[in-house]
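Beneath this line is the structure, given in structure tokens, with notes to follow.
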Amino acid sequence: MTFFSSDFLIYLLPVSDGFQNVTLPTEDGSTQIDHIIVSKFGIFVIETKNMKGWIFGSAHQKVWTQKIFKHTSKFQNPLHQNYKHIKTLQSCLGIEGDNVFSVIIFIGDSHFKTEMPENVTFARGGIEYIKSKNDIVFSDEQVSGFIKQNESGRLQPSIKTNIQHTKHVKEIVRNKNDNKICSRCGSAMVLRKAAKGKNAGNKFWGCSAFPKCRNVVAA
């Protein structure tokens, strides 16, 4: 998932180096970062989303909504997704603090229908956000060290690495499917049994936000 190459970012921005599709080891498998930009103004961890339609969400919501005409679907808050990327990268580099920035960039024919944080934007807006960080926070020596650490700490790109990461992601998705999420409001779904009517005795998934949300899915 890319919107432009790291080389293009380096050309546009005052950065020292950039990395694409970086797979880092974690305690439970691996995590893959779309782009990492390293500079004396900070380290920028970029998550790109290739989506279309209307996008609804806020910084604190666990689940965001994509709406394409009458079709509605839910997806994980990309800020939360990128938080794990940042914590993993900080652990690998041995750094703490607020000098690692999360950037979420949407590409494709999508439109925000709710107000988004300044670090959730489209391609050009992402460049402007990165350029707005103009305070020097790392020395040239630190930047060089981060680049070397990232090159040595990442899992080497290969078909095997991609297969292992894909397998890990599928396991996460499978576990999430066991904990169903309401497609309408994002609340947890609860397995229930019909007490009366023609479906008495049959099990179904009902939204835990009932009666505010009356979404029902067959078990």
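Using the Cα centre of segment 83-148 as the reference point, and only Cβ charges (+1 on K/R, -1 on D/E), how large is the resulting charge dipole? Debye, rounded to the nearest 20.
My answer is approximately 240 debye.
Could you size up the charge dipole of segment 180-219 around its Cα centre, putting +1 on the beta carbon of Lys and Arg and -1 on that of Asp and Glu, and report it in debye to the nearest 20?
120 debye
Going by amide H atoms built from the backbone, whose H comes under 5 Å of the H on ILE33, apart from near neighbours?
Excluding prolines and chain starts, which carry no amide H, the hits are VAL22, THR23, LEU24.
Please give the net charge around LYS203, taking every other residue with its beta carbon less than 9 angstrom from that of LYS203, where Lys and Arg add +1 and Asp and Glu add -1.
Once all neighbours under 9 Å are counted, the net charge is +2.
Using per-residue counts of other Cβ atoms within 10 Å, averaged over each peptide, order 67-80, 188-201 from highest down.
67-80, 188-201
What list of ³J(HN,Hα) couplings, whole Hz, do you get for segment 49-61 from phi and the Karplus terms 6.51, -1.76, 1.60, once you set θ to phi - 60° and write x for glycine and proline?
3J(HN,Hα) across segment 49-61, in whole Hz: 10, 8, 9, 10, x, 8, 10, 10, x, 9, 4, 9, 6.
Give me the net charge of ALA218's neighbourhood, meaning all other residues with Cβ under 13 Å from the Cβ of ALA218; Lys, Arg count +1, Asp, Glu -1.
+4
Values in this text are rule-based calculations from the coordinates and carry no lab data. Given the structure is predicted, the values throughout are model-derived calculations rather than measurements. Note: ideal-geometry Cβ built from the backbone for every residue, glycine included; neighbour counts use all protein chains shown.
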